């Protein structure tokens, strides 16, 4: 079974650790992508030490997990535009991404998630070529500089999977680069879920899931919105995607609700109950 991930809540870590242990979850940290944190080393140290004190146990084991070793984090994404024609914007964007990678490397994290940063729906040929070429050049170099960390590129409000798939295909030889499919984001597009998963399946290394009303990015508990989770489960199993899955909702209650729904309905990566 693929690994499940949760977004930890530092203010509720006793319950968070218990929930993570019950379902064998690792963590994906959302604490380090805001500029005010990225530019405050002391604040970063404080956050890291808070998490370091929360020793989780491995699934079905009393042995503590190695701190951070299977965890991931969300990297900088606000206003980050690696492909910009403006060199000043491009320079600060690459700086923010490198800061994220330095944090991940310092913590010993498994991987970092970044966004495509594309203007959704804007498909001018020169723009798309710049996006592809500049992202490939930058992330190819970055992956070589941080070989111990996986780099995942996530679809944000992209209107279709083809452009992201094109970049992933060009970078297929880069072992620590892959796609993070955010299924909730994908379902806000007019492109069917089957097309998203079928197109990106060879490149998916990580996934994000949460629910919404098919209109807005609400980050509801899984099962609390309008997404068809049976379809999601069927597609993931059909295309044999074995990537880790982050339940990207905030707070213990929404995470517990999501996990219980997934377990009850056998939503991947939960195992389906065998018929008697």
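Points worth noting:
- Candidates 114, 138, filtered to the one that is closer than 30 Å to residue 47 by Cβ, in contact (Cβ under 8 Å) with a residue 12 or more places away in the chain and under 14 Å from the mean Cα position of the chain (by Cα): 114
- Filtering 266, 251 for residues that are out of contact with any strand residue (DSSP E or B) (no Cβ under 6 Å at 6 or more places or on another chain), touching a residue at least 60 places away in the same chain (Cβ under 8 Å) and more than 23 Å from residue 153 (Cα to Cα) leaves a single hit, 251.
- Checked against (1) closer than 20 Å to residue 73 by Cα; (2) surrounded by 15 or more Cβ atoms within 10 Å (Cβ to Cβ); (3) free of Cβ contacts under 8 Å to residues at least 60 places away in the same chain, residue 95 passes all but a single condition, namely (2).
- Set 152, 146: member being surrounded by 14 or more Cβ atoms within 10 Å (Cβ to Cβ), in contact (Cβ under 8 Å) with a residue 40 or more places away in the chain and touching a helix residue (DSSP H, G or I) at 6+ places or on another chain (Cβ under 8 Å): 146
- Any hit, the stretch 225-235, residues being within 16 Å of the chain's Cα centre (by Cα), outside any helix (DSSP H, G or I) and crowded, with 19+ Cβ neighbours inside 10 Å: no
- Test: residue in the stretch 268-275 that is out of contact with any helix residue (DSSP H, G or I) (no Cβ under 6 Å at 6 or more places or on another chain), surrounded by fewer than 16 Cβ atoms within 10 Å (Cβ to Cβ) and at pLDDT 95 or above: no
Per-residue answers, yes or no, for (1) part of a loop (DSSP other than H, G, I, E, B); (2) under 18 Å from the mean Cα position of the chain (by Cα); (3) closer than 23 Å to residue 23 by Cα:
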site: 165; (1), (2), (3): no, yes, no
site: 181; (1), (2), (3): no, yes, yes
site: 190; (1), (2), (3): yes, no, no
site: 198; (1), (2), (3): no, no, no
site: 215; (1), (2), (3): yes, no, no
site: 241; (1), (2), (3): yes, yes, yes
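- Residues located in the stretch 26-56, provided they are in contact (Cβ under 8 Å) with a residue 40 or more places away in the chain and in a helix (DSSP H, G or I): 35, 38, 44, 48, 50, 51
- Matching residues, the stretch 110-122, being at pLDDT 95 or above and either outside any loop (DSSP other than H, G, I, E, B) or loosely packed, with under 14 Cβ neighbours inside 10 Å (or both): 111, 112, 113, 114, 115
- Per this entry, residue 11 is not counted among residues that are at pLDDT below 95, touching a strand residue (DSSP E or B) at 6+ places or on another chain (Cβ under 9 Å) and surrounded by fewer than 17 Cβ atoms within 10 Å (Cβ to Cβ).
- Subset of the stretch 123-159 that is in a loop (DSSP other than H, G, I, E, B) and touching a strand residue (DSSP E or B) at 6+ places or on another chain (Cβ under 7 Å) - its residue that is farthest from residue 243 (Cα to Cα): 156
- The residues of the stretch 160-171 that are over 14 Å from residue 129 (Cβ atoms) and either crowded, with 18+ Cβ neighbours inside 10 Å or in contact with a strand residue (DSSP E or B) (Cβ under 9 Å, 6 or more places away or on another chain) (or both), listed by number, are 160, 161, 164, 165, 168, 171.
The values are calculated or read from the model by the stated rules, or taken from the named source; none is laboratory data. These numbers come from a predicted model, not from an experiment. Using ideal geometry, Cβ is built from the backbone for each residue, glycine included, and neighbour counts are taken over all protein chains shown.
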